[in-house]
Amino acid sequence: MSDTSRTDRALWLTVVLLIGVSVWLRTTDLGRLPGINGDEAWYGVQAERWLSGDPVWQTASGNPLNPFHTGPVAVLQLVFEPAFWILRAPSWMAGVALVPLLFFLLRPVLGATVAAWIALLAAVLPANVAYSRFGWDPSQVPLAAALVCGASLGRRWRLAFSSALVAVWVHPTAVFLVPIAGAVAASEIWRQSPDRHHRIRRLGLVTAGAVVLAGLLCWAVPATARFSPSQIFSRMFDPAQALEFATLVPPLFSGTTVYRYVVGEPSAMSVAVHDAVVWTLMILAGAGLLIGWRRLDARLRAFVIGTVAAWWCFYLVLGTGGVRPHVDRYALWSIVPVLICVGVGLGELAHRASQRRIVTLGLCAVSIAALMSFQTGYLDVLRDSGGHSHRAFRTSYVEPKRAALDAIIAAQPDGPVRILAEDWWSRWPIQYLAVRDPRIHVGELSTRPYGIDRWSDVVQTGDHMVVFAGSPLAPLLDARAGAVREATIEGPDGRAILYVYRKTSRP
C-alpha cells in the first residue's frame with residue numbers, strides 16, 4: 001500500500017471517529033444536561049393526551065403541532081414510563097440521522113469528498129449538537145432542510161416539494177428554504193425549457209407554488225399576523241441593523257450563541273477564537289465560490305443565490321431577533337444550506353487530490369476543536385456548575401424538577417398531592433413526570449392578584465409550592481406563617497436552583 005493511500009485511509013478513519021464522538025456528545029446525560037424546560041415537557045404531556053384519545057393539534061404559540069416530534073414521544077411512552085430522555089429522543093434521532101442523510105443525498109451531486117466534508121461539519125457544529133439535546137420541534141428543522149436541499153440539487157422535484165411542506169409543518173421558519181429550492185428549480189426550468197413561453201409558464205407555476213406555501217403558512221400560523229410590513233420596509237434601508245445582523249451570524253455557527261443561551265456568557269477571548277474560526281472558513285469558502293463561479297454547475301450557482309436570498313428574506317422578516325441568543329432556534333433552517341455553500345466553496349479551492357487532503361486535514365482539526373469546545377464549554381460547565389443562564393436550563397446531579405417532585409412524594413407518600421409550580425418552566429416538567437399518577441395534581445402559582453397574594457386560593461388548590469431560587473415568590477412564601485420551606489434543590493456548585501414549600505396551616 002502506498003503512503004498516499006495510507007494517508008487517505010487514516011484521514012477518513014479520523015472523519016468517522018469524529019462523527020462517532022459527536023454522536024456520543026449528543027447522547028451523554030441526555031435527560032439532565034441541560035435542565036428540562038417547560039416547552040419540552042409540554043410536548044410530553046400532549047403525547048400522553050394523544051395516547052388517551054384526546055389529541056391536541058396546536059402548540060401554545062398557535063403553530064400546528066409537529067407529529068414528527070410528538071409521534072415518537074408517544075410511541076416511546078407506550079413502552080417506557082415518562083422520563084426526560086424520552087422528550088429529547090426525537091431531536092437526538094434527527095441530529096444523528098442528519099449526518100448520513102446529507103452524505104448520501106449530496107454525494108451524487110458534489111462527489112464523495114465534498115459530501116463528507118459537509119456531513120462532518122454538520123456532525124460537529126456546536127449548534128447542531130446542542131439542539132440534538134433539546135426536545136423541541138425546531139431541532140428537526142436541519143434534517144428537513146437536508147431533504148429539501150438534497151432533493152433540489154438532485155433534481156428530485158416531488159421529494160423536494162413534499163419535503164418543503166413537511167419542513168414547514170415541522171416548524172414555520174422552514175419556509176425560508178423555499179427561495180433556495182425555488183432558485184434551483186428556476187435554473188433547471190430556464191436551462192431545459194425549449195422556448196420562452198414554456199419557460200414563463202413553468203416559472204409561473206414555481207412562483208405560484210411558493211405563494212401558495214406562504215399563504216398556507218400565514219393561514220396555519222397565527223403568529224405570522226404579528227409581522228409588521230412597516231418594519232420589513234424599514235430594514236431594507238437600515239445599514240446599521242443589517243451590519244449588526246451580519247455580525248450575529250458567525251456566532252450562530254461557532255456555538256457561542258447557543259452557549260450564551262444555555263450555559264452562560266463565555267469569555268471574550270473564547271468568543272473571539274470561536275468566531276475567528278468561522279470567519280476563516282466562510283472567507284475561504286467565499287473565495288472559492290468567486291474563483292470557481294464560472295465552473296460551477298447552474299444548479300449550484302442557483303443554490304448559492306437562493307441561500308443569499310433566503311438570508312435576506314429572513315433578515316427582513318425577523319431582523320436581529322432571529323439570530324440572537326434565546327431565539328437562535330429560528331435560524332436553524334439556515335445551517336444546512338450554509339454548510340453546503342461552504343463545502344462547495346472549499347471544493348472549488350481544492351481541485352487536486354493533494355489539496356483535498358489538506359482541506360480534509362484542516363476540517364478534521366476544526367472538528368476536533370469544535371468537539372472539545374462543546375465538551376468543555378457546554379457539557380462540563382453544566383456538570384460542574386449547573387449553568388449560569390436561563391433558570392429553566394439550570395441542572396444538577398438529578399434534574400432539578402425531578403428532584404423537587406421526588407422530595408414532595410417522599411414528604412407525602414400517601415393521599416392526594418396538590419402541587420403549585422411557579423411558572424411554565426417548572427410546572428410542565430413536574431406535570432409530565434406525574435402525568436400517570438392520578439393522585440398528583442399540578443397547577444401554576446402566580447404573582448398576580450388571584451395567585452400568591454390571595455393566600456386562601458393557595459390553601460384551596462395546593463399543598464406544596466415549587467419556586468425558582470431568586471424568584472420574587474420565594475421571600476413572599478418565606479414570610480407566610482402558613483408555609484415552610486421543606487427542600488432546597490441545589491446545583492453541583494451549591495447554589496440553590498429550586499425551593500419546595502409545604503403548606504402548614506389554613507389562613
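The values are calculated or read from the model by the stated rules, or taken from the named source; none is laboratory data. Treat the numbers as computed from the prediction; the structure is a model and nothing was measured. Methodologically, a virtual Cβ is constructed for each residue, glycine included, from the backbone with ideal geometry; neighbour enumeration extends over all protein chains shown.
Key figures
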quantity	calculated
Residue that is nearest to the chain's Cα centre (by Cα), among those in the stretch 233-272 that are among the charged types (D, E, K, R) and part of a loop (DSSP other than H, G, I, E, B)	GLU265
Yes/no for LEU361 being hydrophobic (A, V, I, L, M, F, W, C), part of a helix (DSSP H, G or I) and in contact with a helix residue (DSSP H, G or I) (Cβ under 7 Å, 6 or more places away or on another chain)	yes
Filter result (at pLDDT 95 or above and part of a helix (DSSP H, G or I)) within the stretch 378-391	TYR378, LEU379, ASP380, VAL381, LEU382, ARG383, ASP384, SER385
Among (1) surrounded by fewer than 24 Cβ atoms within 10 Å (Cβ to Cβ); (2) farther than 30 Å from MET372 by Cβ - the single one ALA47 does not satisfy	(1)
Subset of the stretch 422-444 [more than 29 Å from the chain's Cα centre (by Cα) and at pLDDT below 90]	none
Qualifying residues in the stretch 392-420 (those that are part of a loop (DSSP other than H, G, I, E, B) and without any contact (Cβ under 8 Å) to a residue 24 or more places away in the chain) - the one nearest to VAL263 (Cα to Cα)	PRO413
Residues that are in contact (Cβ under 8 Å) with a residue 40 or more places away in the chain and surrounded by fewer than 19 Cβ atoms within 10 Å (Cβ to Cβ), drawn from the stretch 68-85	PHE68, GLU81, ALA83, TRP85
Test: GLY135 is assigned by TED's automatic domain parsing to the domain that holds ILE305, buried (at least 20 other Cβ atoms within 10 Å of the Cβ) and not in a helix (DSSP H, G or I)	yes
Residue that is surrounded by the most Cβ atoms within 10 Å (Cβ to Cβ) [pool: residues in the stretch 277-328 that are of a type in the set (Ser, Thr, Tyr) and either more than 20 Å from ALA186 (Cα to Cα) or over 22 Å from the mean Cα position of the chain (by Cα) (or both)]	TYR315
Any chance ARG88 is outside the structural domain of LEU147 (by TED's automatic domain parsing), buried (at least 21 other Cβ atoms within 10 Å of the Cβ) and touching a residue at least 24 places away in the same chain (Cβ under 8 Å)	no
From the options VAL75, VAL15, residue that is modelled with pLDDT of 95 or more and not in a loop (DSSP other than H, G, I, E, B)	VAL75
Qualifying position, being within 17 Å of SER254 (Cβ to Cβ), buried (at least 18 other Cβ atoms within 10 Å of the Cβ) and modelled with pLDDT of 95 or more, among LEU371, LEU405	LEU371
TYR330 vs. criteria hydroxyl-bearing (Ser, Thr, Tyr), modelled with pLDDT of 95 or more and assigned by TED's automatic domain parsing to the domain that holds ALA145	no
Criterion: closer than 17 Å to VAL16 by Cβ, part of a helix (DSSP H, G or I), touching a residue at least 40 places away in the same chain (Cβ under 8 Å) and of a type outside the set (Phe, Trp, Tyr) - qualifying residue of VAL141, VAL99	VAL99
Selection from the stretch 259-276 of residues that are surrounded by fewer than 21 Cβ atoms within 10 Å (Cβ to Cβ) and among the hydroxyl-bearing types (Ser, Thr, Tyr)	TYR261, SER267, SER270
Where ARG301 falls short, out of the listed (1) within 20 Å of LEU147 (Cα to Cα); (2) of a type in the set (Lys, Arg); (3) at pLDDT below 95	(3)
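Yes or no, residue by residue, for (1) over 25 Å from ALA302 (Cα atoms); (2) modelled with pLDDT under 95:
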{"site": "PRO100", "(1), (2)": "no, no"}
{"site": "ALA119", "(1), (2)": "no, no"}
{"site": "ASN128", "(1), (2)": "yes, no"}
{"site": "TRP136", "(1), (2)": "yes, yes"}
{"site": "VAL141", "(1), (2)": "no, no"}
{"site": "ALA144", "(1), (2)": "no, no"}
{"site": "ALA151", "(1), (2)": "no, no"}
